[in-house]
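The values are calculated or read from the model by the stated rules, or taken from the named source; none is laboratory data. Every value quoted in this text rests on a predicted model; they were computed, and no experiment measured them. Note that we place each Cβ from the backbone using ideal geometry, even for glycine, and neighbour counts take in every protein chain shown. We work out accessible area using only protein heavy atoms, side chains counted, and drop any ligands, DNA or RNA first. Shrake-Rupley method; radii C 1.70, N 1.55, O 1.52, S 1.80 Å.
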Amino acid sequence: MLNIIVVDNRIMMIPSTMKAVVVESTGGIDVLSYRSQHPTPTYVPRGHALVRNEYAGLNFIDTYHRNGLYPRDCPFVLGQEGGGIVAGLYPGDEDDDDDDDEGGDHRPVGGDDDPVPSCAAADDVFRVGDRVAYGALVGSYAEYSLVPLDRLVRVPSYMEMPIAVSCMIQGLTAHYLSSSVGYGIAKTGDWVLVYGVGSGTGRWTAQMCKIRGYRVIGVTSRCKVAGGAEAAFGFCDELIVLENEPGKSYASYSSIDVVSRVSDVTSGVMCKLVIDGVGLSTYELSLNCLSVRGMLVSYGNASGPVPPFPVLRLLPRSAYVTRPKLNDYVASRDELLSRANEVFDWVNTGRLDVVVDRVFRLEEAAAGHEYLEDGRTRGKVLYRI
């Protein structure tokens, strides 16, 4: 069966069922339920778009929703990040004035003499057929997702969809981590420590810290630099390579004295920012790597959540600690577009290297989660819808 959506005198044929990955109850990867006939949204509310997803991004936050660390009402469609084509809009939300839309091509196009198109059109109005991406919303592991218009980012004509989707969680998270959280604490030339620079958000963050003018100490595992890959970490001023846990793909944080290495590299000054997405296994190291009036930015729980600790732990270095999340740093549409535009521009000009490591089929959702949690990733992991 098909649902028929009429927008601006155009008929969009939307299947009544779709592919989706649903979590009925929280737990391990076995709770991921792939469905080939999940109900498609039948109504597009005002201020929303129905997006036909081409790709969904896999992020650690998906595992936190799946296992219940971040509680959600079950059942729910998993996924925080996606991108594709606008398939439907609430009547009246689409601009129907085509006077300046010759040939019906409403997407911005940059010619030789035109500026590179941004992710926001001049009127910021979306239309059926627009290429869009989004993040920090639940429900992207599906063929169709309902997305608030103010959370959509237009994908520039020069950018492929897998790259655009890759930018929406890890890219924007790295942007606020490197430019906003420690603003005024770290200055040009200061040392910052970033974990997990071999893949994921850590890799994005280290590159952006370098763009901001910081001196970057990166931490990664031995398997991520195998076969001469160490040369690919040129965005780090110093690279600390940890041994892997026996039989595992992720790092052993006790295999090297990280604090002593950081002290040696910085001549005892230590780091103004420690950007830590690992959590339980590293927070003690992170606190001991801070300089006077330095800040621990704890933004993830890859090894488990950080337990409570006495605030007096911060006293010896007059240190700061923060636990930020992306939604509070893209709280307004202007902030979302400002960050997305800068990330897209860095990608387009070659200042930011985006590595797509693996693309799984949606029905391979469990394999993707296992791959991520085993620490095998060397870049962004996506699902092809």
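Values computed for the structure shown
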{"quantity": "C-alpha long axis of helix 200-211 to longest principal axis of the chain, angle in °", "calculated": "80 degrees"}
{"quantity": "Relative contact order %, the chain, counting alpha carbon pairs below 8 Å whose residues are six or more apart", "calculated": "16 percent"}
{"quantity": "For the chain, size of Cβ-based charge dipole, Lys and Arg +1, Asp and Glu -1, in debye", "calculated": "1860 debye"}
{"quantity": "Dipole magnitude (debye, nearest 20) for the stretch 176-326, charges at Cβ of Lys, Arg, Asp, Glu", "calculated": "480 debye"}
{"quantity": "Globularity ratio of the chain, using Cα Rg and 2.2 N^0.38 Å", "calculated": "1.03"}
{"quantity": "Whole-percent carbon and sulfur share, accessible surface of the chain, 1.4 Å", "calculated": "49 percent"}
{"quantity": "Among Val197, Val347, Val147, residue whose mean-square fluctuation peaks in a GNM of the chain (springs only between Cα atoms under 10 Å)", "calculated": "Val347"}
{"quantity": "DSSP-defined antiparallel bridges as percent of all bridges, the chain, nearest 5", "calculated": "60 percent"}
{"quantity": "Accessible area in square angstrom per residue, the chain, 1.4 angstrom probe", "calculated": "43 Å²"}
{"quantity": "Choice from Arg131, Arg339, Arg35 showing the highest fluctuation, given a GNM over the chain with Cα pairs closer than 10 Å", "calculated": "Arg35"}
{"quantity": "For peptides 296-307, 14-25, 257-268, sequence by mean Cβ density within 10 Å, most packed first", "calculated": "296-307, 14-25, 257-268"}
